[in-house]
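Q: Dropping the structure in here first, questions after.
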C-alpha cells in the first residue's frame, strides 16, 4: 500500500504527534510505503513563527502544495484529525484535495473535545465528512459522538509500544516517600492545578511525598506560583517537556500517575503508565471510562475535585494490595493496544476503502 499519512510530528512531543510518528514506522515495517505530510512543519523563515495570523499562511501554503503533489504517488490519505482550528486548517484541505485528486480518505479523529466541537460547528463539519471514505476513532466514546450525528465510525485503538514502556523487574513501591507524576501538557483543559491541590492534601498524610510534573504549556508560570503559595516548592518539580526515553524512565521511577484532565479521549499517558506498571488515578471524563474501569485497572474520580482525587491517591498509596491489583489488571488491559492487535484492524479499513473506491 502507498499511504499518505497526514499529521503532526514532534516537536512538540504531544500525544497525536507521537502516535503519527509511531504509526509511520510501524506501517513501514508492515511493508507499506508511507509519505509523511507534516501539518506542524517548522516555519520558513523561522522568525515568521513569532507573528500571529501571518504565520498560519506560511505554514498552510506549503502544506497545501505537499498535499497536491503527494496525491500523485499515494493510494489513500490517512489524516490524523483533531477539533477546532486543527480540523478547519489541516483536515478539511486534505479531504477536498483528495477529492479533487480522486483519492480516498481515512479520517483518524482523536479530539477529546469532539462533543462540544460538533455541537457548535457540525454545520461546517458535515459537508467535508460526506467525502470521507472511512472514519476511525480510538475509543467507544468518540464512536458514540459520531453516531449521535449519523456518522459511522470504526474503533482502531491507540498503539502502545511495550518495548519502550514496561514494568522494571523487582519494582518496589515507596510507601513512606511516594513519587507521584503528572504527564500532561500545562494547559487549562488538563487542570494540573487540581492535581497540585490534591497533592497538597496527600502531603499532610505523607510529608515525604514528591510530585513531578512533566509537560510544557502556557500555564507553567501560574502553576509554579500555586506551588509556591502552597509552600511545596521543595516537593514539586517541573521538568518541562521530556523526550521519549526520558518519559519512559520517569514512569519507571513513579509510584502513582495522576491524570486530572477536564476533557479527554484516550490519553496515551494512561496507557504508558499501565504498561510501565504504575497505578493510575484519573478523572472520569470523555473516553477515560471506556479505556479503564474504576477499581479494576485504575481509580476514577470526578473532574475538578481535589478532595476526591486526594482520597483516591491516598487509597492507592496506602494499600499495597490494591496497588498491585490495579497494576496487574492494568498490564493485562494494555496488551490489547499493542501493534499486533491493532494492525489487522487498521489494514482491514485500508483494504475496505481501497476496494470500495
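Q: From the list 50, 21, 99, exactly one residue is surrounded by fewer than 17 Cβ atoms within 10 Å (Cβ to Cβ), in the same structural domain as residue 348 (by TED's automatic domain parsing) and either over 28 Å from residue 244 (Cα atoms) or within 18 Å of the chain's Cα centre (by Cα) (or both). Which is it?
A: 99
Q: Residues of the stretch 141-156 being part of a loop (DSSP other than H, G, I, E, B) and surrounded by fewer than 15 Cβ atoms within 10 Å (Cβ to Cβ), which ones?
A: Those that are part of a loop (DSSP other than H, G, I, E, B) and surrounded by fewer than 15 Cβ atoms within 10 Å (Cβ to Cβ): 149, 150, 152.
Q: Taking residue 278 as the residue in question, decide whether it is closer than 22 Å to residue 19 by Cβ and over 17 Å from the mean Cα position of the chain (by Cα).
A: For residue 278, the condition - closer than 22 Å to residue 19 by Cβ and over 17 Å from the mean Cα position of the chain (by Cα) - is met.
Q: Also, quick follow-up: Any idea which of 105, 74 is over 22 Å from residue 266 (Cβ atoms) and at pLDDT 95 or above?
A: Just a single option satisfies the conditions, and that option is 74.
Q: Related question: Residues that are surrounded by fewer than 18 Cβ atoms within 10 Å (Cβ to Cβ) and touching a strand residue (DSSP E or B) at 6+ places or on another chain (Cβ under 7 Å), at least 1 per element: which helices (runs of 4 or more DSSP H) completely within the stretch 157-265 meet that?
A: 220-229
Q: Moving on to the next point. Considering only the stretch 105-132, state which residues are outside any helix (DSSP H, G or I) and crowded, with 19+ Cβ neighbours inside 10 Å.
A: Within the stretch 105-132, 105, 106, 107, 108, 109, 110, 111, 112, 132 qualify.
Q: Taking the condition in contact with a strand residue (DSSP E or B) (Cβ under 9 Å, 6 or more places away or on another chain), farther than 26 Å from residue 142 by Cβ and in a loop (DSSP other than H, G, I, E, B), does residue 73 pass?
A: The answer is yes for residue 73.
Q: Within the stretch 316-325, can you find the residues that are under 11 Å from residue 279 (Cα atoms) and surrounded by fewer than 15 Cβ atoms within 10 Å (Cβ to Cβ)?
A: 320, 324
Q: Return the only residue of 330, 277, 304 being surrounded by 19 or more Cβ atoms within 10 Å (Cβ to Cβ) and at positive phi.
A: One residue alone meets the criteria, 277.
Q: Let me ask another. So, residue 209, is that one at pLDDT 95 or above, in the same structural domain as residue 285 (by TED's automatic domain parsing) and out of contact with any helix residue (DSSP H, G or I) (no Cβ under 6 Å at 6 or more places or on another chain) or not?
A: No: the conditions fail for residue 209.
Q: Any idea which residue in the stretch 337-357 is farthest from the chain's Cα centre (by Cα), counting only those that are farther than 13 Å from residue 134 by Cα and surrounded by 16 or more Cβ atoms within 10 Å (Cβ to Cβ)?
A: If we take residues in the stretch 337-357 being farther than 13 Å from residue 134 by Cα and surrounded by 16 or more Cβ atoms within 10 Å (Cβ to Cβ), then 343 is farthest from the chain's Cα centre (by Cα).
Q: Exactly one condition in (1) farther than 19 Å from residue 211 by Cβ; (2) crowded, with 24+ Cβ neighbours inside 10 Å is false for residue 297; which is it?
A: Among (1) farther than 19 Å from residue 211 by Cβ; (2) crowded, with 24+ Cβ neighbours inside 10 Å, the lone unmet condition for residue 297 is (2).
Q: Here's a follow-up. Which residue is surrounded by the most Cβ atoms within 10 Å (Cβ to Cβ), if the candidates are limited to the stretch 24-47 and must be touching a helix residue (DSSP H, G or I) at 6+ places or on another chain (Cβ under 9 Å) and part of a helix (DSSP H, G or I)?
A: Checked the stretch 24-47; the qualifying residue surrounded by the most Cβ atoms within 10 Å (Cβ to Cβ) is 27.
Q: Also: Only one of these is more than 27 Å from residue 332 (Cα to Cα), out of contact with any helix residue (DSSP H, G or I) (no Cβ under 6 Å at 6 or more places or on another chain) and not assigned by TED's automatic domain parsing to the domain that holds residue 11: 228, 249, 194. Name it.
A: Unique residue meeting the criteria: 228.
Conditions tested, residue by residue: (1) within 16 Å of residue 3 (Cα to Cα); (2) touching a helix residue (DSSP H, G or I) at 6+ places or on another chain (Cβ under 9 Å); (3) touching a residue at least 24 places away in the same chain (Cβ under 8 Å).
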| residue | (1), (2), (3) |
| --- | --- |
| 65 | no, no, no |
| 69 | yes, no, no |
| 79 | yes, yes, yes |
| 89 | no, yes, yes |
| 109 | no, yes, yes |
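Q: Among the numbered criteria (1) without any contact (Cβ under 8 Å) to a residue 40 or more places away in the chain; (2) under 19 Å from residue 158 (Cα atoms), which one does residue 99 miss?
A: Result: residue 99 passes all but (2).
Q: If residue 270 satisfies every condition in (1) touching a strand residue (DSSP E or B) at 6+ places or on another chain (Cβ under 9 Å); (2) at pLDDT below 95 but one, which is the exception?
A: All conditions are met except number (2).
The values are calculated or read from the model by the stated rules, or taken from the named source; none is laboratory data. Note that the coordinates shown come from a computational prediction; the quantities given were computed from them, not determined experimentally. Here Cβ is always computed from backbone atoms with ideal geometry, including for glycine, and neighbour counts include all displayed protein chains.
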